1. Let me know the whole percent of all Cα-Cα pairs from segment 98-181 that are separated by more than 22 Å.
2. For segment 1-101, which GluC sites (Glu not before Pro) are in a loop by DSSP, counting at most 14 other Cβ atoms within 10 Å?
3. Work from the charge dipole of segment 220-310 (Cβ charges, +1 for Lys and Arg, -1 for Asp and Glu, about the Cα centre) and give the residue of 248, 282, 229 farthest towards its positive end.
4. Based on the Kirkwood radius over alpha-carbon pairs, what value in µm²/s does the Stokes-Einstein equation return for the translational diffusion coefficient of segment 231-297 at 37 °C and 0.692 mPa s?
5. Would you work out the relative contact order for the chain, in percent, from Cα pairs under 8 angstrom that are 6 or more residues apart?
6. Check each of the GluC sites (Glu not before Pro) in segment 283-370 and keep only those in coil by DSSP with at most 15 other C-beta atoms within 10 angstrom; list them in order.
7. Report the Cα centroid-to-centroid distance between segment 5-43 and segment 127-172 in angstrom, as an integer.
8. Enumerate the whole-percent occupancy of each 5 Å bin, from 0 to the last occupied one, for all C-alpha pair distances of segment 180-297.
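What follows is calculated from the coordinates using simple rules that are stated; it is not laboratory data. Keep in mind the model is a prediction, meaning the values are calculated, not measured. Glycine also receives a Cβ, built like all others from the backbone with ideal geometry; neighbour counts cover every protein chain displayed.
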Amino acid sequence: MTENYKNLIVGAGISGAVLARLLAEKGQSVLVIDRRSHIGGNCYDFLDENGLNIHKYGPHIFRTDKEEVWQFLSRFTSWQEYKHKVRAKIDGKEVPIPFNFTSIDALFDAQKAQVFKEKLISNYGENKKVPILELKKSADKDLQELADYVYEKVFYHYTLKQWDLKPEELEGDALARVPVYTGYYDGYFTEKYQAIPKFGYTKMFENILNHPNIKVQLNTDFKDLKDISCERMCYSGSIDEFFDYKFGPLPYRSLNFELKTLEQEKFQSVAVVNYTGKEPYTRITEFKHFLNQKSPKTTIAYEYPTAFELGKNERYYPIPKQENEQLYQQYLKLSQKQKNLYFIGRLGEYKYYSMQSAILAVFELFKKII
Ligand SMILES: Cc1cc2nc3c(=O)[nH]c(=O)nc-3n(C[C@H](O)[C@H](O)[C@H](O)COP(=O)(O)OP(=O)(O)OC[C@H]3O[C@@H](n4cnc5c(N)ncnc54)[C@H](O)[C@@H]3O)c2cc1C
């Protein structure tokens, strides 16, 4: 017997779940499928055996300046306020990232530090983010020295590990994400709202998907779906996979996480510490900081970037290179030939979406299709 739905949504991540909810509230039936055994996509979290909340696919901090995004999600969760701070281990010292005036004070003698700070302010202004490659172009000898230092100690090895590319080979806003900050502010983000769902991301997704017009079917790959008919399909899986890699596979970076539970209350001073040298991992996350959880034990995750290999691991980051964007455009053109088929989210649109940008894109699509 064929089941009929107005909408089929492939993927129960933030793109699929938010779109499902919007459509359901317009009175339309929605079937959401996911091949994983859980909802939430890469935002999925769970409680480990010690009751600590773990982000399975890497640390997720919700942030937005957009009132409409904040109001929408706030219908489905209350929030734990959380200001994200990141530290890096450099020359044996733990310093703020983005590299700021506190980092300069910690790593250089007082006289040198003063020169760097004054020159940064006179060249770029106070409390500004200066992308490292811009700083590298400076004609001033002191700023060049600082740029070379930050490039080597903060940027170069981290980028190689993260992307398997030299910084110069990267395109898009991946570069802008490693600035030098011309002030003492040590928050990683600047958005007005920064928070973690108080009862976890998965609970928030349960609430989003809890609507009489929505049916969720897990452990279901799109290619194995049978006896379903729909008028519209929104697909948040990888677009190249959908089209059987007709033009070749879209490249991705993947990640491996090694979880360790330690018999100690705290491991590090903040949730995320970056390792910017030659260690094989890029960061260590200590999860209990996010919800300020108390426990005599703690769980940490070492994060190892690695190549994406089909069938072996998961797709994490689209690789920001022009040739990859061109390949994606070929798939997009092909998809536009089919009526009522939409590709959404980080895999469907081959974009590095934060949660808020994924939601905004879905809001736009919803306005277009409804
Ligand atoms: C390590 C890491 C850290 C991040 N940290 C942050 C952060 O701090 N803040 C932030 O805002 N964003 C962060 N992000 C980005 C965030 O994860 C994404 O914005 C979000 O997951 C995008 O949601 P999505 O629904 O587009 O994709 P996904 O979450 O990937 O969901 C897609 C879903 O589709 C399913 N699927 C795919 N193909 C099929 C198929 N053929 N059949 C059935 N189901 C299928 C998948 O199983 C998956 O569940 C981070 C990302 C990573 C990788």
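1. Within segment 98-181, distances greater than 22 Å cover 21 percent of Cα pairs.
2. 49
3. Positive-end residue among those listed: 282.
4. In µm²/s, the coefficient is 205.
5. 27 percent.
6. Answer in residue order: 309, 314.
7. If we compute the Cα centre of each part, the gap is 40 Å.
8. Pairs per bin, as whole percents: 2, 6, 10, 12, 14, 14, 14, 12, 9, 5, 2, 0.
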